[in-house]
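Asks: Quick one: the structure is below, questions incoming.
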């Protein structure tokens, strides 16, 4: 049984500097690289690296970045036959990284936003043998809603990463079609109007998302771990203290790892610890997809952090 990922495929253009420049300011950087990325593609690589059967659905352009992105995904073991090529540019992300691993990202969607309803036939076919569907918000929202509803009708668990969170909020029908929603702190505040700075505010924000139809609310809180709320009960899964090199795609790694663990029948609480450990490991390496840890690496990490 497979994990289907329907979402964005980008090429990340990554610039390193001691800090992120202020508006109107020019500073010197220290390094530049191009790295395959995109929230959907990152999650697919995370799934594959952690031992899951990953099927990527999305679009690239007919340019060099598109060929490189498709080849990179296949090299990690991701099934790529559901990726279409459209005339024009592949999506790109302009990523600025400071000396502490924090980032500022601007996305130019390219082929991702040229996906149309005709691609939903591919989604329907992929869902036949799927257990979970991973979604994000870097492709047309109407396609995300349709895919979620198709998955729900087929009994496939829907995990939504509401990123980037739209300022106007998420349509009610998407909330209703989600089994699990995984906003980070910034996205939680944008979606609920509540800054989740402490447990009481996490609980209040989670309750608002429950009221909109999400059974499981998982608020990603970086090094503090995650807040998980389900059936009226909230709990904390602690984070891990690790040296931070690059936080890009840590959230994508988390979602991919969570899907793998749930697809294997692991209980949510244990799956969240596995996902938190996977995300922690990802921030210790540079790049989006190259930072995704292997299953063996995560299991070794967890063994070293027992108790």
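Asks: If I ask for residues that are more than 21 Å from residue 30 (Cβ to Cβ), within 18 Å of the chain's Cα centre (by Cα) and in contact (Cβ under 8 Å) with a residue 40 or more places away in the chain, which ones from segment 93-118 would you list? It would help to see each step written out before you state the result.
Replies: Here is the first cut: in segment 93-118, the ones more than 21 Å from residue 30 (Cβ to Cβ) are 107-118.
In the following step, the residues that additionally are within 18 Å of the chain's Cα centre (by Cα) were identified as 107-109, 112-113.
Selection gives 107, 109, 112.
Asks: Kindly evaluate residue 269 against the criterion of being in a helix (DSSP H, G or I), out of contact with any helix residue (DSSP H, G or I) (no Cβ under 7 Å at 6 or more places or on another chain), touching a residue at least 24 places away in the same chain (Cβ under 8 Å) and within 23 Å of residue 200 (Cα to Cα). Quick ask: steps written out before the conclusion?
Replies: Working: in a helix (DSSP H, G or I): yes; out of contact with any helix residue (DSSP H, G or I) (no Cβ under 7 Å at 6 or more places or on another chain): yes; touching a residue at least 24 places away in the same chain (Cβ under 8 Å): yes; within 23 Å of residue 200 (Cα to Cα): yes.
Here the answer is yes, as residue 269 does meet what is asked.
Asks: Out of segment 227-246, which residues are crowded, with 16+ Cβ neighbours inside 10 Å and either over 23 Å from residue 296 (Cβ atoms) or without any contact (Cβ under 8 Å) to a residue 40 or more places away in the chain (or both)?
Replies: 227, 228, 229, 230, 234, 237
Asks: Sticking with this structure for a sec: Can you name every residue in segment 171-193 that is free of Cβ contacts under 8 Å to residues at least 24 places away in the same chain and on the phi < 0 side of the Ramachandran plot? Explain how you work it out, then say what you get.
Replies: The first filter runs over segment 171-193 and keeps only residues free of Cβ contacts under 8 Å to residues at least 24 places away in the same chain, leaving 186, 189, 192-193.
The answer is 186, 189, 192.
Asks: Something else about it: Select, from 99, 93, the only residue that is at negative phi and in contact with a strand residue (DSSP E or B) (Cβ under 6 Å, 6 or more places away or on another chain). Step through it out loud before you land on a result.
Replies: On the way: 99 fails: in contact with a strand residue (DSSP E or B) (Cβ under 6 Å, 6 or more places away or on another chain).
Answer to the selection: 93.
Asks: I'd like the full set of residues that are surrounded by fewer than 17 Cβ atoms within 10 Å (Cβ to Cβ) and closer than 13 Å to residue 215 by Cβ, limited to segment 169-190.
Replies: Correct list: 176 only.
Asks: In addition: Does residue 156 qualify as being in contact with a strand residue (DSSP E or B) (Cβ under 9 Å, 6 or more places away or on another chain), crowded, with 20+ Cβ neighbours inside 10 Å and closer than 25 Å to residue 267 by Cβ? So that I can check it myself, show each step before the final result.
Replies: Values: in contact with a strand residue (DSSP E or B) (Cβ under 9 Å, 6 or more places away or on another chain): yes; crowded, with 20+ Cβ neighbours inside 10 Å: yes; closer than 25 Å to residue 267 by Cβ: yes.
Taking the combined requirement at face value, the residue satisfies it.
Asks: Further question on the same structure: Restricting to segment 1-22, give me the number of residues that are closer than 30 Å to residue 156 by Cβ and buried (at least 18 other Cβ atoms within 10 Å of the Cβ). Walk me through it before giving the result.
Replies: Of the residues in segment 1-22, the ones closer than 30 Å to residue 156 by Cβ are 1-12.
Still in the running and buried (at least 18 other Cβ atoms within 10 Å of the Cβ): 2-12.
Looking only at that region, the number is 11.
Asks: May I ask you to say which residue of 66, 37 is crowded, with 19+ Cβ neighbours inside 10 Å, out of contact with any helix residue (DSSP H, G or I) (no Cβ under 6 Å at 6 or more places or on another chain) and modelled with pLDDT under 95?
Replies: On the way: 66 fails: modelled with pLDDT under 95.
Residue meeting the stated conditions: 37.
Asks: Within segment 278-307, which residues are surrounded by 24 or more Cβ atoms within 10 Å (Cβ to Cβ) and assigned to a helix (DSSP H, G or I)?
Replies: 278, 279, 280, 282, 289, 291, 298
Asks: Sticking with this structure for a sec: Tell me whether segment 257-267 contains one or more residues that are farther than 25 Å from residue 77 by Cβ, loosely packed, with under 15 Cβ neighbours inside 10 Å and modelled with pLDDT of 95 or more. Before you say what the answer is, go through the steps one by one.
Replies: Restricting attention to segment 257-267, the residues satisfying the condition of being farther than 25 Å from residue 77 by Cβ are 267.
Remaining after also requiring loosely packed, with under 15 Cβ neighbours inside 10 Å: 267.
Subset that is modelled with pLDDT of 95 or more: 267.
Yes, segment 257-267 contains at least one residue that is farther than 25 Å from residue 77 by Cβ, loosely packed, with under 15 Cβ neighbours inside 10 Å and modelled with pLDDT of 95 or more.
Asks: Quickly run through segment 44-75 and pick out the residues that are assigned to a helix (DSSP H, G or I) and over 17 Å from residue 109 (Cα atoms).
Replies: 44, 45, 46, 47, 48, 49, 71, 72, 73, 74, 75
Asks: Moving on to the next point. Mind telling me which of the residues 86, 72 ends up being under 20 Å from residue 142 (Cα atoms) and surrounded by 15 or more Cβ atoms within 10 Å (Cβ to Cβ)? Explain how you work it out, then say what you get.
Replies: On the way: 72 fails: under 20 Å from residue 142 (Cα atoms).
Being under 20 Å from residue 142 (Cα atoms) and surrounded by 15 or more Cβ atoms within 10 Å (Cβ to Cβ) holds for just one of 86, 72, which is 86.
Asks: Would you mind telling me which numbered condition in (1) touching a residue at least 24 places away in the same chain (Cβ under 8 Å); (2) over 29 Å from residue 154 (Cβ atoms); (3) part of a helix (DSSP H, G or I) residue 196 fails?
Replies: Unmet condition: (3).
Asks: Also: Checking the structure you have, find out if any residue of segment 51-60 is over 16 Å from the mean Cα position of the chain (by Cα) and either surrounded by 21 or more Cβ atoms within 10 Å (Cβ to Cβ) or farther than 17 Å from residue 4 by Cα (or both). Show your work before the answer.
Replies: Going residue by residue through segment 51-60, those that are over 16 Å from the mean Cα position of the chain (by Cα) are 51, 53, 59-60.
Still in the list and also either surrounded by 21 or more Cβ atoms within 10 Å (Cβ to Cβ) or farther than 17 Å from residue 4 by Cα (or both): 59-60.
Yes, some residue in segment 51-60 is over 16 Å from the mean Cα position of the chain (by Cα) and either surrounded by 21 or more Cβ atoms within 10 Å (Cβ to Cβ) or farther than 17 Å from residue 4 by Cα (or both).
Asks: Still on this model: Here's a check for you: in segment 200-245, which residue that is modelled with pLDDT under 95 and assigned to a helix (DSSP H, G or I) is farthest from residue 280 (Cα to Cα)?
Replies: By that ranking, first place goes to 224.
The values are calculated or read from the model by the stated rules, or taken from the named source; none is laboratory data. Predicted model only: the values in this text are computed from it and were never measured. Note that each Cβ is placed from the backbone with ideal geometry, even for glycine, and that neighbours are counted across all protein chains shown.
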